[in-house]
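First up is the structure itself, then whatever we jot down about it.
Throughout, read-outs are computed from the coordinates displayed, never taken from laboratory work. A quick note: this is a predicted structure, and the numbers were derived from the prediction, not measured. Every residue, glycine as well, gets a Cβ built from its backbone with ideal geometry; the counts of neighbours run over all protein chains shown.
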Amino acid sequence: MPNDHAPDKVRLDRWLWAARFFKTRSLAATAIDGGKAQLNGARVKRSALVRAGDVVRVRKPPYEFVLEVRQASEQRGSATDAQQLYHETDESVRTRETLRTQLRLQPQVPYAGKGRPTKRDRRDIERFKGGG
């Protein structure tokens, strides 16, 4: 369980890191600066304060998460502790599942190549290009 002495408000970059949406604070800060994370529907700076009840929208292509903050925390704990910090909206879960299904059903382009050309293939390519 997250720290019982958790602060009332925390910087957005720290919260996203603690909630395990980004592996490092630096990645979280870059995402915020790039507009991939919003707080209460507005684009904010990485130092914006997050409190319980706020809505955070995180875009990690191709998925988008809409989260309601349950608890502010600066400490990164286990994955189960991190899940206690937020609640993903039902609409967000449905949208993500729909997109996951669509991506899974798309036809996959098979890779026809076999890696690097062999010496023989390279000589044929050179002859074709007119180099020898």
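Here are a few things to note about the model shown:
- Per-pair calculated FRET efficiency, R0 = 35 Å: Gln108 and Arg51 via Cβ, rounded to 0.05: 0.20
- Calculated mean residue ellipticity at 222 nm for the chain: -10500 deg cm²/dmol, from DSSP H runs with n ≥ 4 weighted as -39500 (n - 2.57), summed, divided by the residue count and rounded to 500.
- Positive-pole candidate from Phe128, Trp17, Thr101, dipole of the chain, charges at beta carbon: Phe128
- Label corresponding to Rg and Dmax of the Cα atoms in Å when calculated from the structure given, among [x] 22.5, 75; [y] 32.3, 103; [z] 14.5, 45: [x]
- Rounded to 10°, Cα long-axis angle of helix 119-129 versus longest principal axis of the chain: 80
- Computed over the chain: relative contact order in percent, which uses C-alpha pairs under 8 Å that are six or more apart: 24
- Ratio of Rg to Rh over the stretch 1-67 (Cα coordinates, Kirkwood Rh, two decimals): 0.94
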